[in-house]
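Written out below as structure tokens is the structure these notes cover.
Quick note: the coordinates plus some simple rules give every number you see, no bench work behind them. Predicted, not measured: the structure shown is a model, and the values here were computed from it. Cβ placement follows ideal geometry from the backbone for every residue including glycine, while neighbour counts extend to all protein chains displayed.
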Amino acid sequence: MSVEKIEALVVGAGQAGLAMSAHLVKCGVPHLVLERSRIAERWRSERWDSLVANGPAWHDCYPGLEFPGYGPDEFVPKEKIADSFEAFAEKVKLPVRCGVEVKSVRKNEGRPGFRVETSDGVIEARYLVAATGRSRSRSSPPLFPKVLG
Ligand SMILES: Cc1cc2nc3c(=O)[nH]c(=O)nc-3n(C[C@H](O)[C@H](O)[C@H](O)COP(=O)(O)OP(=O)(O)OC[C@H]3O[C@@H](n4cnc5c(N)ncnc54)[C@H](O)[C@@H]3O)c2cc1C
């Protein structure tokens, strides 16, 4: 089985993972973002339908973007927020791979880096960023059950 190699691997394409990726692009660091579902999935399917941002549009928008159809003082619904994260990823051309779940992470023995098992094969990364969020239920199993080393 072939092993894909990458300098940095970001797990999760929510706000944090996308922001990290944008900074890595800016710094010229080769990397990949893995998202088990869709970009900003938590905003799409893991919030009440009626949720709106708790900050006004001028505050909750990513740099260089606007919420089309919403004034700066309006509170934007969750779907529009998710759309804006997707638009941001597209605009900055972030290397996001959706539909790939990280199953386990293992620190390499005797050399730097990590071996990451995903639903789509194995990836070796020198650096790893866990941006998997914190809003999970208590009964959820650990996201990285095998971070060893
Ligand atoms: C009710 C509520 C209201 C909120 N209101 C606001 C608001 O108005 N404005 C605001 O700015 N913030 C708000 N927040 C906070 C905001 O939702 C979170 O701070 C933000 O989503 C955290 O971003 P994140 O990238 O850390 O994590 P998440 O958004 O949780 O993203 C993590 C991503 O990682 C993915 N992932 C997880 N495990 C794996 C895996 N093993 N492999 C691959 N991918 C994986 C998930 O699918 C997900 O897409 C609110 C939160 C809640 C709960």
Under a 10 Å cutoff between Cα atoms, tell me which one of S50, S119, S84 has the largest fluctuation in the Gaussian network model of the chain.
S50
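Quick one: net charge around E7, please, counting Lys, Arg +1 and Asp, Glu -1 for every other residue with C-beta under 14 Å from its C-beta. Don't skip to the answer; put the middle values down first.
Details: positive: K5, R126; negative: E4, E124.
Local charge sum for E7: 0.
Rounded to the nearest 500, what is the chain's calculated 222 nm mean residue ellipticity when only DSSP H runs of at least 4 contribute -39500 (n - 2.57) each, over all residues?
Values: 4 runs with 36 residues, N = 149.
Dividing the helical sum by the residues of the chain leaves -7000 deg cm²/dmol.
Between S2 and V122, what length in nm is gained on full extension when 0.36 nm per residue of separation is reduced by their alpha carbon distance? Walk me through the intermediate numbers first.
On the way: separation 120, 0.36 × 120 = 43.20 nm, distance 0.77 nm.
Here the segment from S2 to V122 would lengthen by 42.4 nm.
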Looking at the chain as a GNM with Cα springs under 10 Å, which of E41, E109, E101 has the largest mean-square fluctuation?
E109
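Using square roots of five times the C-alpha gyration tensor eigenvalues, list the equivalent-ellipsoid semi-axes of region 3-148 in whole Å, biggest first. Working shown, then result.
Numbers: eigenvalues 181, 64, 24 Å².
In descending order the semi-axes read 30, 18, 11 Å.
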What net charge do the residues around A87 carry, taking every other residue with its C-beta under 13 Å from that of A87, with Lys and Arg at +1 and Asp and Glu at -1?
-2
Cα long-axis angle, helix 78-91 against the chain (0 to 90 degrees, to the nearest 10):
60
